[in-house]
Amino acid sequence: MKEKLQALKQEALEQLQQVDSLAALNDLRVKYLGKKGPLTEILRGMGALSAEERPIIGQVANEVRGAIESGIQEKQAQFERAETEKRLRSETIDVTLPGRKPKKGAVHPLSKIVEDIEEIFLGMGFKIEEGPEVEQDYFNFEALNLPKNHPARDMQDSFYLTEELLMRTHTSPVQVRTMERMQGEVPVKIICPGRVYRRDDDDATHSHMFTQIEGLVIDEHIRMSDLKGTLLQFVQEMFGADTQIRMRPSFFPFTEPSAEVDVSCMICRGSGCRVCKQTGWLEILGSGMVHPRVLEMSGYDPKKYSGFAFGMGVERIAMLKYGIEDIRHFYTNDVRFLNQFVRA
Ligand code: 2NL
């Protein structure tokens, strides 16, 4: 029995030398020390031994088990050390290599145009107001003389969230909120930039989300010539001192009278080209005198005060200014497009 145990130890330790992986080591452990292994079998058979023999064989069996166990443990530690070393070697970094240059970002062309426009109006004494993109029906429509069932507020054209909440379709609600906050005080002289939403199918010139800047001035004795002078100053700073404007009669529910504003084409300087379709003019703004009902609803007495308002689509202005042929370029974020507007 003793010899059998010693032979078993010898055999196990020899095989241990051949083991070359953690998996093989585990197989070996199961083979010699497992429930169905020879050692377990020998220990189980010890009941048949005499009382003198039993402790002696038991001691030898325990010694053999201990030797095999510590052999396996040592081997396992060896494998784990080798594994760690291998990983450390593969993960070494050469700290003497030059670093990677971080890629330089750029201001988005739309942000840049918004900033340019803001600067021009700040220079004329306007303040900048912003407001929520999720808006109440009242501020977006009702207070702008667009009562329920008005054709211009078709459910199909707006993103409604609930009966009362929608994505704002213009930045006018910011102006309404400002008028309410000012409680009839003058002057009101603000521009409101921001994202607006309309349920349109996207194509080269339409986007369900776009950027608008609206302006509003309220005071005593504000008249159409103030509107015209303000817009002329704006376009001449924006597109060049020789830029001209012309106004054509139009209609908006919130202004009366209303006017579309054209600028002389900044590409051909009015002589006619592909961009202005040989007319020499480009439509860039809607505008008008604030409707008396709109003034009244937001707390301004239309007998005492008058005002003008205007609105423009920023993407359209950026497209004209930079010759961009598809509005979707602003939102697809292709860096080859965006990098063309890197500031010097
Ligand atoms: C356009 C036309 C316009 C306004 C916006 C406005 C705001 C208030 C009162 C009266 Cl609170 N009017 N805004 C007026 C005329 C035109 O925008 O074509 N936008 C892209």
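Computed from the coordinates by the stated procedures, all read-outs in this text should not be read as laboratory data. Keep in mind that this is a model prediction, so the values were computed, not measured. Positions of Cβ are backbone-derived with ideal geometry, glycine not excepted, and every protein chain shown enters the neighbour counts.
The alpha carbon gyration tensor of the stretch 78-144 gives principal lengths a ≥ b ≥ c with a/c of 1.5 or higher and a/b no greater than b/c, which makes the shape oblate.
For the peptides 197-207, 4-14, the ranking by mean Cβ contacts within 10 Å, running from highest to lowest, is 4-14, 197-207. For the stretch 202-243 versus the stretch 81-159, the inter-centroid distance based on Cα atoms is 23 Å.
Partner lysines whose Cα lies under 20 Å from the Cα of K127, excluding those fewer than 8 positions away in the same chain, are identified as K112, K189, K228.
For K304, a cut-off of 14 angstrom between C-alpha atoms picks up these aspartates and glutamates, skipping any fewer than 8 places away in its own chain: E185, D219, E220, E296. Per-residue ellipticity at 222 nm computed for the chain from its helices equals -13000 deg cm²/dmol, with DSSP H segments shorter than 4 residues left out and the rest contributing -39,500 (n - 2.57). Restricting attention to the chain, close to 95% of DSSP beta bridges with both partner residues there are antiparallel. Once the gyration tensor of the Cα atoms in the stretch 197-265 is diagonalised, the equivalent ellipsoid follows with semi-axes of 25, 18, 12 Å, ordered largest first. In plain terms, the bigger the Kirkwood radius, the slower the diffusion; for the stretch 2-90, with that radius from Cα pairs, at 4 °C and 1.567 mPa s, Stokes-Einstein puts D at 91 µm²/s. Packing, as the average of other Cβ atoms within 10 Å across residues, places the peptides 257-263, 161-167 in the order 257-263, 161-167, highest first. For the peptides 80-90, 279-289, 129-139, the ranking by packing is 279-289, 129-139, 80-90, with the highest mean count of neighbouring Cβ atoms within 10 Å listed first. Angle of helix 224-239 to the longest C-alpha principal axis of the chain, folded into 0 to 90 degrees and rounded to 10: 50°. Close amide H partners of S250, meaning residues 5 or more places away or on another chain with modelled amide H under 5 Å apart, are S258, A259, E260. Out of G34, G307, G215, any idea which swings most in a Gaussian network model of the chain, alpha carbons joined below 10 Å? Of G34, G307, G215, the Gaussian network model singles out G34 as fluctuating most. In terms of its C-alpha gyration tensor, the stretch 109-341 comes out oblate, because a/c is 1.5 or above while a/b does not outweigh b/c.
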